[in-house]
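Novice: What follows is a structure written as structure tokens; I'll ask about it next.
Coordinate-derived values only; no laboratory data. Since this is a predicted model, take the numbers as computed values, not measurements. For neighbour counting, all protein chains shown are included, and Cβ atoms are generated from backbone atoms with ideal geometry for every residue, glycine included.
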Ligand code: F3S
């Protein structure tokens with residue numbers, strides 16, 4: 001990313017006409033650390049960007065790293081500079097040689113003139129090499145600038161070359177180059193190579209001398225820098241916010257100005273946040289490095305803004321010996337020679353919080369033991385209290401660390417941590433309506449307030465901007481087997497004054513609410529399960545316990561927002577119906593039921609519903625068990641990513657419900673798209689994954705374990721009336737010899753009873769288990785091996801009930817259920833035939 005690309009999006013854009021004289025600088029100051037683009041400067045047709053790198057966050061964003069990575073990144077670059085790529089040409093165009101025409105700002109009425117404050121000077125000595133450094137420049141004519149040059153590297157090279165060097169003055173550079181130019185490596189190290197190690201850059205040869213300059217720099221001036229021609233420079237309000245004195249400084253005679261098309265001028269406010277960041281931050285790695293070299297376990301360094309990002313250095317250490325504090329101070333003075341006051345704190349003190357540092361001084365510091373004064377030191381010319389000619393100043397070190405023998409006494413006692421937003425709804429970020437705020441305040445009862453607390457907390461965690469209305473809810477967490485007494489108490493409390501606002505049904509309970517004895521459920525369990533159901537019913541929830549609410553009337557429309565819990569139903573409703581729901585937990589779904597609301601995030605936002613991976617199915621998929629196997633394969637391959645599945649020609653409701661259950665169980669997906677089958681629109685992803693026949697066969701094989709089947713179940717997810725009809729047809733006139741459950745919703749079972757299917761099935765010896773299923777019912781240990789057509793059923797039978805599994809189509813399940821009877825009949829027939837033959841003889 002170049003400077004130009006980075007400033008394409010600034011915090012503020014000012015389109016009103018603004019003058020470069022005093023007005024622009026005043027606006028930049030008022031904006032704090034917010035970046036600004038001036039699009040309409042009165043004196044120039046070009047744009048001016050300011051506060052571009054005015055915070056560590058902005059610098060980190062430019063560099064594509066975290067703030068905590070900045071110091072290590074700079075240390076590494078300082079220690080391992082690398083050569084940048086040289087390009088032959090750039091898009092720069094030559095401009096008229098008239099500095100008045102550039103949008104160079106006059107910052108304050110005390111300044112000596114218009115100042116370039118963001119420019120880096122590049123000079124090159126034929127033997128020592130290239131040097132890059134920030135120098136402020138006061139415009140003193142159409143092609144002349146008085147440059148403030150301290151007695152450091154640029155000055156040394158000038159003196160070495162009889163006071164004259166060809167130079168380039170570059171404005172509008174990236175953060176990597178800005179940081180490198182503000183570092184102080186030893187003479188001979190090319191700062192552009194440090195920049196390249198921070199973030200790779202391209203460079204181009206200067207036009208008038210043998211140096212390299214950043215290729216994407218916005219404006220470049222080339223000319224002669226001379227110690228022999230001097231001019232008054234100043235006053236100038238500098239980093240400290242005080243006016244620097246007037247000095248006689250070298251003159252830079254500009255010979256050529258060239259710039260990128262529609263160049264953007266970088267205005268750096270003297271003493272502003274950006275100036276401080278770019279001055280102070282590059283000293284942090286050098287301090288860090290020196291303290292580390294001194295054998296101290298240094299954790300962090302800040303040259304903080306309170307000390308004008310220059311004078312105050314805060315060093316956080318992991319103290320291991322009493323000498324560490326003093327050692328860190330001595331080393332930091334080497335790492336930042338212009339630093340004046342050095343504060344060393346323990347690892348529990350946040351060096352970016354002045355109150356914490358002050359607290360450490362108040363509680364861990366003894367002035368007669370931990371305070372070090374260094375008189376007559378070489379300081380900074382920026383220090384108004386120092387000798388302005390010799391720069392002599394006094395420095396001080398403050399060891400604010402704990403005495404090791406007193407750590408127990410000096411350690412702060414931590415309070416338990418709570419999120420205050422949960423207690424002060426004024427602080428939440430979401431926009432709430434008046435009604436929602438009233439619900440949160442408890443004006444609509446205790447259960448509603450508790451529900452709002454749950455929903456708002458969820459919304460805050462997931463960055464929701466608001467709550468939205470839901471039209472349907474499905475609550476999980478119904479089985480007493482999962483809830484226990486604590487869950488039952490919570491429901492009883494909510495039922496005191498909580499009443500549902502929208503149609504709400506339940507997920508399967510732990511037993512058939514009417515026929516539990518026939519299924520071997522204990523009376524103790526039944527009593528508790530009934531109390532759970534009573535609490536839900538008291539809140540107005542329909543005690544229809546099913547994972548397929550869409551088959552029994554809780555059936556939302558395309559595009560409606562709902563709050564459902566059961567994972568298979570969530571995947572089905574999002575994908576097959578086109579309704580919109582996250583996978584809710586039991587409490588959050590109940591909260592939605594009692595308020596009619598849910599936070600708008602995740603599956604409620606179109607952007608999150610788009611497919612991310614294309615799945616090309618190259619296998620024959622037919623029947624619920626194979627759709628289950630396909631869901632297993634895809635889920636295991638791409639986890640929860642939304643998929644766009646091709647290669648499936650048709651699918652029944654039952655196959656889609658089996659697939660929804662399986663893809664959600666094995667991968668966690670809340671939505672999928674099936675070409676030509678599901679209704680949602682999605683861009684087709686470029687990433688493609690193929691599912692082969694072999695993978696499907698292996699998935700089936702993995703669920704077919706070596707064991708004798710003693711339990712058969714159909715109805716995971718709950719059986720539809722079509723599935724029940726098919727079972728009736730297959731079981732007609734037969735006898736099952738094994739425990740055989742058909743798990744379904746009670747309304748579906750009622751239809752089966754009315755249509756005669758139920759009688760055929762129960763006459764054959766199979767049982768209906770309405771309201772429940774073989775995963776939530778407390779049947780662990782009762783059966784050794786479950787045979788089912790459901791991949792999800794296999795997963796939970798094995799993982800929750802530790803039962804072996806076999807997966808097969810419904811026809812085979814029925815064959816498995818009656819096969820011993822068949823053999824018995826064959827045996828009978830054989831005996832009968834043998835008897836007849838004997839009679840004949
Ligand atoms: Fe439904 Fe139980 Fe299967 S809740 S999806 S039948 S595990």
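Novice: Could you work out how far helix 446-461 tilts from the main Cα principal axis of the chain, as a 0 to 90 degree angle to the nearest 10?
Specialist: 50
Novice: Let me ask something else about it. Compute the acute angle (0 to 90°) between the alpha-carbon long axis of helix 810-840 and the principal axis of greatest extent of the alpha-carbon atoms of the chain; round to the nearest 10°.
Specialist: Here the helix axis deviates by roughly 30 degrees.
Novice: Given 5 Å bins starting at zero, what is the percent of C-alpha pairs of the stretch 100-175 in each, up to the one with the largest pair distance?
Specialist: Computed distribution, short to long bins: 3, 14, 25, 23, 17, 12, 5, 1, 0.
Novice: Provide Rg over Rh for the stretch 245-382; use the alpha carbon set for both Rg and the Kirkwood Rh (inverse mean inverse pair distance).
Specialist: Details: Rg = 18.7 Å, Rh = 17.0 Å.
Taking Rh as the inverse mean 1/r over Cα pairs, Rg/Rh reads 1.10.
Novice: Answer rounded, prolate or oblate for the stretch 99-252, using the Cα gyration tensor with square roots of eigenvalues a ≥ b ≥ c: rounded when a/c is under 1.5, else prolate when a/b is larger than b/c, else oblate. The partial results should precede the final answer.
Specialist: Values: a/c = 1.57, a/b = 1.34, b/c = 1.17.
Note, shape of the stretch 99-252 comes out prolate.
Novice: Based on the alpha-carbon gyration tensor of the stretch 538-622 and its eigenvalue square roots a ≥ b ≥ c, which shape applies: rounded if a/c is under 1.5, prolate if not and a/b is larger than b/c, or oblate? Walk me through the numbers before you get to the answer.
Specialist: Working: a/c = 2.48, a/b = 1.52, b/c = 1.63.
Oblate shape, in that a/c is at least 1.5 and b/c is the bigger or equal ratio.
Novice: In the P(r) worked out for the stretch 508-547, what percent of Cα pairs fall beyond 17 Å? Could the numbers behind the result be given before it?
Specialist: Numbers: 213 of 780 pairs.
Value for the stretch 508-547: 27 percent of Cα pairs lie more than 17 Å apart.
Novice: Using all Cα-Cα distances in the stretch 463-603, what percent lands in each 10 angstrom bin from 0 up to the longest?
Specialist: In order of increasing distance, the bins hold 13, 43, 31, 11, 1, 0 percent.
Novice: Additional query: Give me the percent of DSSP beta bridges within the chain that run antiparallel, rounded to the nearest 5.
Specialist: Details: 64 of 124 bridges.
Of those bridges, close to 50 percent are antiparallel.
Novice: Okay, moving on. Given the -39500 (n - 2.57) contribution per DSSP H run of 4+ residues, what per-residue ellipticity at 222 nm results for the chain, rounded to the nearest 500 deg cm²/dmol? Before the final figure, lay out the partial values.
Specialist: Working: 27 runs with 283 residues, N = 841.
Result for the chain, helices only: -10000 deg cm²/dmol.
Novice: Test of understanding: express the Cα radius of gyration of the stretch 215-273 as a ratio to 2.2 N^0.38 Å, with N the residue count.
Specialist: Working: Rg = 14.7 Å, N = 59, 2.2 N^0.38 = 10.4 Å.
It is 1.42.
Novice: Decide, for the stretch 336-418, between rounded, prolate and oblate: order the square roots of the alpha carbon gyration tensor eigenvalues as a ≥ b ≥ c, take rounded if a/c falls under 1.5, and otherwise choose prolate if a/b is larger than b/c, else oblate. Don't jump to the answer; show the numbers that get you there.
Specialist: Working: a/c = 3.92, a/b = 2.17, b/c = 1.80.
Cα axes put the stretch 336-418 in the prolate bin.
Novice: Right, another one. How do 112-122, 602-612 rank on mean C-beta neighbours within 10 Å, highest first?
Specialist: Values: 112-122: 23.8, 602-612: 15.5.
Taking the mean over residues of other Cβ atoms within 10 Å, the ranking is 112-122, 602-612.
Novice: Based on the mean of other beta carbon atoms within 10 Å per residue, what is the order of 129-137, 309-317, 238-246, most packed first? Kindly include the intermediate steps, with their values, before the conclusion.
Specialist: Values: 129-137: 22.7, 309-317: 25.2, 238-246: 16.6.
Going by the mean number of other Cβ atoms within 10 Å, highest first, we get 309-317, 129-137, 238-246.
Novice: I would also like to ask the following. Given the alpha-carbon gyration tensor of the stretch 177-307, what are the semi-axes of its equivalent ellipsoid in whole angstrom, ordered largest first, with each equal to the square root of 5 times an eigenvalue? Before the final figure, lay out the partial values.
Specialist: Details: eigenvalues 167, 97, 50 Å².
Each semi-axis is √(5λ); the values are 29, 22, 16 Å.
Novice: In the P(r) worked out for the stretch 635-682, what percent of Cα pairs fall beyond 15 Å?
Specialist: Details: 467 of 1128 pairs.
So the portion of pairs separated by more than 15 Å is 41 percent.
Novice: Return the Rg/Rh ratio of the stretch 443-490 with Cα-based radii and a Kirkwood Rh. Please report the intermediate quantities before stating the final value.
Specialist: Values: Rg = 13.5 Å, Rh = 13.0 Å.
With Rh from the inverse mean 1/r over Cα pairs, Rg/Rh is 1.04.
Novice: Mind pulling up the Rg/Rh value for the chain? Radius of gyration and Kirkwood radius, both on Cα.
Specialist: Details: Rg = 38.1 Å, Rh = 33.0 Å.
Using only Cα positions, Rg/Rh for the chain is 1.15.
Novice: So if I restrict to the alpha-carbon atoms in the stretch 606-737, what is the Rg, and what is Dmax, the biggest pairwise distance, in Å?
Specialist: 16.2, 53
Novice: Same structure again: Normalised by the number of residues in the chain, what is the relative contact order in percent for Cα pairs under 8 Å and 6+ residues apart?
Specialist: Details: 1843 pairs, mean separation 63.6, N = 841.
Reported relative contact order: 8 percent.
Novice: Mind ordering 570-576, 471-477, 812-818 by average Cβ neighbours within 10 Å, highest first?
Specialist: Values: 570-576: 27.1, 471-477: 24.7, 812-818: 20.3.
My ranking of the peptides, most packed first, is 570-576, 471-477, 812-818.
Novice: Give the angle, between 0 and 90 degrees and rounded to the nearest 10, that separates the Cα long axis of helix 523-538 from the longest principal axis of the Cα atoms of the chain.
Specialist: It works out to around 60 degrees.
Novice: Pairwise over distinct Cα atoms, reciprocal of the mean inverse distance: report the Kirkwood radius of the stretch 1-142 in Å, one decimal place. Intermediate results must be reported in sequence, preceding the final value.
Specialist: On the way: mean 1/r = 0.0563 Å⁻¹.
Evaluated on the stretch 1-142, it is 17.8 Å.
Novice: With the Cα gyration tensor of the stretch 142-215 in hand, convert its eigenvalues to equivalent ellipsoid semi-axes via √(5λ) and list them largest first in whole Å. List each step's numbers first, then the result.
Specialist: Details: eigenvalues 89, 49, 31 Å².
Whole-Å semi-axes of the equivalent ellipsoid: 21, 16, 12.
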